[in-house]
Every structure is written in C-alpha cells, then in structure tokens.
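Laboratory data are not the source of any read-out in this text; all were calculated from the coordinates shown. Bear in mind the structure is a predicted one, so any value in this text is a computation, not a measurement. All Cβ positions, even for glycine, are placed from backbone atoms using ideal geometry, and neighbour counts span all protein chains on display.
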Amino acid sequence: MKMRSGLLVIAMLILVSSLVGCSSNIDPIQKESTTLKVLAYNSQSFYIQHGMMYNALHPEVEFEVVVNDNMFMNPESDKEKAEANKNYEQSDVLMLSPIQYESMAKAGQLLDLETFIARDKVNLDGIAPSLLSFIKLRSEGKLYGLSSDFYSNAIFYNKDLFEQYGVTLPRDHMDWDELFQLAKRFPTVGEDGEKLYGLKTEWVGDLYFQAMSIANTRELTLFNKESKQMTIDSEAWHNVFNTVLDAMQSGSIYAKQQSNVDPFLTGKVAMSIEYYFMAGRIQEAKNENQKGGVQNWDVVTVPVDPLRPNMGGNLAPSVIMAINPNSTHIEEAWEFLKYLMSEDYAKVMTKANFGSLTAHTKYIKDDAGHHLEAFYKLEPTLDSIFGNVSEQYRGIRSQIENLLRTEIDKVKEDQQTVAEALSKVQIDGQVLLLSIKE
C-alpha cells in the first residue's frame, strides 16, 4: 500500500510538472494569497488527487486540511456532534461522503451551487447524468455539491469462454434471474478438468449479502415504518432468497471466501461483477502471462429490476465537493471546485489512474473499444434497505438485520428452510417494531 501511494505521488508530480510546463493559463500577475481550509478524510489523498494540481497552477492558493473523522457515518454522541460542527465551521471547502452530504444538505449547511453554475455558464452536459442524479437524489433535486470522479461496477465477462462453450453473450439490463440462468449454462468442470464457474459476485459465497443486494435492486424493504409491519415474510423476499440459494447450490457461483488468485483473471470464471479497477488488473495479468488468463473481455451493466430496467447499479462519487455558505472565501472555493470539474483536470486525472472513473464521459474509454458506458448508463436509486433511516428506527433496523443474518446463516448450514427463517424473522422482528415508542 505504501509503495502504491509513493508511486502515485511520483506519477502526480510528473503530471503536474508537464502540465505547468506547457500551460499558458497561469496568470503572470501576482495575485493575493489565499488559504483554503478543506474538510477531507485524509491529508495525503487530498493533496495527491486534488490539491497538488491546483496549487501548481495557482501558487497563490494554499490548502490547510481539516481531518474529517466522521466521513462515513453521522456523528451520534454529543462529543462527536460538537467535533463535527467545529470542523465544519472552520472549513471553506467540504469533501463529503454521501451520508454527510445528504445530512448537511437537509440541515441547510451547504452553499447552493446552481447559482454559481448558471452565473459562470458552467456546462455540465458532459458529466455523467447518473452521477448528477446520485447527488440530486440526496438533496431534494438541488446541487449543493459536485463530484469529479466516481466508482461503479459492471459485469466483466470472458468472451473466449462464452465462445468456447457456445453460450450467448450477456447483455445490458439483464435481471438477476437471467444472469443466474446464464451462469448455469457453463459446465462446472472445464475441458482442462479444472473447476469452472459461470459467475463471481462481490458477495462471494455469502447468501445473506447476495440476497440483500438483489432485494435492494428490487426496492424491497424489511418493514413498513408507517404501519409498523414487518414485510420480510412475503413472496418477493422468498423468491430472492430461494433464487440465490438455488444458484449457489448449482455450483455455478464461485463461493470461496479466500483465494490467492482471482479466478476470473485465470480464466476460471466466465462473468464477474467488479468495479472499474478490474480492467487494470486484467491488463496487469496479461502482461505477466501473455498466454493465460483473460485475453478478450467486455462489460455490461449490473442486473436491474425488470420493472425499472434503466435504474440500478452501485455508482457512488469518490467524494462530494461542497462549500460552506459561511466561508469568507466563497469565490476562491468555487474557483477550486470549478477547476476540479473541468475537462483539463479530467484529462490529467484519467492518466493518473486512481481506479475511479472521471465524471466527464468523453474520457471514459480505452483503446480496445470496451463498452465502458455500462459503468454509468444506469440511473441510481436510493438504498431501500441499508439507506438512512431516522434515529428512532436505526437501532431497531440493526437488530432486525442481525436477526435476519443469523437465521439465513442457518439456512446456509442446512438447519432450516428459507420459509422457516423468514417466518421467524417476521414474528421476532414484529415484536421489535412494536417496542418503538412514538
């Protein structure tokens, strides 16, 4: 990890040097120096990915990083809330997680950027629409933040294996049932006598999390807050768990929890749901072993709900960049954000290869012509199961999730059926729900 960080720093220094050396955009007139205080998760990662480049082009702007300790959760204790508020108040620029962004947007703690976007005629047409939708979904349709890059997953598939075994190639907008059926068309033992799998997912061999992923795609919920009724013992939930259980028992799903070598990279898995950085791993594996592994591949979208074929996926910004409306450096902060959303920045960061995808879709491409639009063509949805709930329900939901996990693990161990597990969770979960006092 340290070696990779060091290499990234060196790569960025080279890119910065080349950019500054050939740039004609740097104003020769001395400007008044400014220090922008930035709320960010990590000082080093901020400078590598954001601050170093801008400071090279605008030496009059310095950065002071305020460490964002609560980036991936909302503060709960009075001490955590006081610390978070203190960090917020002294920051100009805010690098936020989706959880923080949604909470702060609702609390009116973020500057409305749409006024500045319109004033400066910033063209967002080239930005992935799904990325902008992700942000707007969490702030009632408004833009209080922007993101220069994002992470997303898709189905990588080995074209040679599909041709070898005469299986129809996967397509965009498949549902989970179609994906599992496609995986089952591959033999469980290859022509070389070794194990072969049709599919590997991000929840390798985990019945509970794989089922929850599908349920989220279909917008199922564990309970109804308004009626205080559990909804887990329903036909839709039964179908989800039975579908995953059947796929796992068929032997077509790769289920090993730990492995020294990724079986997709060695040509032992036909399809694998992965984030974009898998493309780099495939190339590295090909460079090391020209004859083995994945030679010909492509990607399609992750599975969707047939009722909403254009929605789904796991797209998420690396960070959402926002501005404190109480900052005394609003214009300087906006200029910084505006640069991070520019094509100039996108071109440089694409070369840096941090594993994320640039917000500018024209730079999401490779020389081989892979269909990388699969990473951003689906419109995002709010997380129906694991998304934010009110503080009143947060503890109960956690208890219900733990209860469900325990009972589903018994199903996996062949100690009970799916029907028995969901019936028990329905009954015990109902008791927990009714214990909530309004």
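Give the longest segment of the chain that steers clear of chymotrypsin sites (Phe, Trp or Tyr not before Pro) in DSSP loops with at most 15 neighbouring Cβ atoms within 10 Å, not counting the sites themselves.
On the way: sites that count: Phe72, Tyr165, Phe277, Phe386.
Between the exposed loop sites, the longest stretch runs 166-276.
Computed per residue of the chain from DSSP H runs no shorter than four, each worth -39500 (n - 2.57), the mean residue ellipticity at 222 nm is -12500 deg cm²/dmol. Entry note, the chain: relative contact order of 23 percent, from Cα contacts under 8 Å with a spacing of 6+ residues.
Counting pairs of alpha carbon atoms under 8 Å apart in space and at least six apart in sequence, what relative contact order in percent does segment 173-251 give? With pairs under 8 Å counted, the relative contact order is 27 percent. Compared with the alpha-carbon gap, the fully stretched path from Leu137 to Lys286 is longer by 49.7 nm at 0.36 nm per residue. Which residues does the label zone of His370 cover in segment 258-273, counting backbone N under 13 Å from a point 7 Å along Cα→Cβ? Only 265, 272-273 pass the distance filter.
Counting only DSSP beta bridges with both residues in segment 153-300, the antiparallel share comes to about 75 percent.
The stretch between Gln399 and Asn85, if pulled fully straight at 0.36 nm per residue, gains 110.1 nm over its current Cα-Cα span.
Any chance you could check the Cα centroid distance between segment 168-183 and segment 393-433 for me, in angstrom? Centre-to-centre distance over Cα atoms comes out at 29 Å.
Distance in nm between label sites at Asn296 and Ser250, each 7 Å beyond Cα in the beta-carbon direction? Spacing of the two 7 Å Cα→Cβ label points: 2.5 nm.
Compared with the dominant principal axis of the Cα atoms in the chain, helix 207-217 is inclined by about 60°.
Whole number please: convex hull volume per residue, Cα atoms of the chain, in Å³.
On the way: hull volume 72.9 nm³, N = 438.
Value for the chain: 166 Å³ per residue.
What is the antiparallel percent of DSSP beta bridges lying wholly in the chain, to the nearest 5?
Numbers: 24 of 38 bridges.
Restricted to the chain, the bridges split so that about 65 percent are antiparallel.
So what is the relative contact order for segment 153-300, in percent, with contacts set as C-alpha pairs under 8 Å and at least six apart?
41 percent
Students often get this wrong, so check it: of Lys159/Lys195; Lys136/Lys377; Lys136/Lys347, which have C-alpha atoms separated by over 23 Å?
Values: Lys159/Lys195 18 Å; Lys136/Lys377 16 Å; Lys136/Lys347 25 Å.
Lys136/Lys347, as the Cα separations exceed 23 Å there.
Working note: Debye formula, equal point scatterers on the alpha-carbon atoms of segment 56-190, no solvent; log10 I(q)/I(0) at q = 0.09, 0.11 Å⁻¹ is -0.50, -0.66. The distance between label points at Asp383 and Ile436 comes to 1.7 nm (points 7 Å beyond Cα on the Cα→Cβ vector).
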